[in-house]
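Let me begin by presenting the structure, written as structure tokens, before commenting on it.
The values are calculated or read from the model by the stated rules, or taken from the named source; none is laboratory data. Keep in mind that this is a model prediction, so the values were computed, not measured. In this analysis, Cβ positions are derived from the backbone assuming ideal geometry, glycine residues included, and neighbour counts consider all displayed protein chains.
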Amino acid sequence: MRIVESAQFQRRFAALPATIKARARKQLALFVQNWRHPSLQTEKAKGHRNLWKGRITQRYRFIFRIEGDTYVLLDIGPHDIERRL
């Protein structure tokens, strides 16, 4: 598995509050080990063929796309991030 962060993901990650960044790092470490880890609650984004979402906290999510063996982190932010898709 190869992980790639989009420029948008990097910008939005940098803008997160410190406590959320710490939690995001923990959850993304789990993501690298097993992208279907139960605490990530990964699922397909509704209405999109190849977009997935994962859970950082009850209020924060990350969006990614799978391209072969590459997982592209596209966005991260509050739960309403899905409206931006």
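Of note:
- Annotation: of all residues in segment 1-54 being among the polar types (S, T, N, Q) and in contact (Cβ under 8 Å) with a residue 60 or more places away in the chain, the one that is nearest to E67 (Cα to Cα) is S6.
- A single entry from I3, I63, I76 fulfils the requirement of being surrounded by fewer than 17 Cβ atoms within 10 Å (Cβ to Cβ) and part of a strand (DSSP E or B): I3.
- A24 vs. criteria in contact with a strand residue (DSSP E or B) (Cβ under 8 Å, 6 or more places away or on another chain) and modelled with pLDDT under 95: no
- I66 β-branched (V, I, T), more than 11 Å from the chain's Cα centre (by Cα) and on the phi < 0 side of the Ramachandran plot: yes
- Residue list for segment 43-60, filter: within 20 Å of K21 (Cβ to Cβ) and either assigned to a loop (DSSP other than H, G, I, E, B) or among the acidic types (D, E) (or both): I56, T57, Q58, R59
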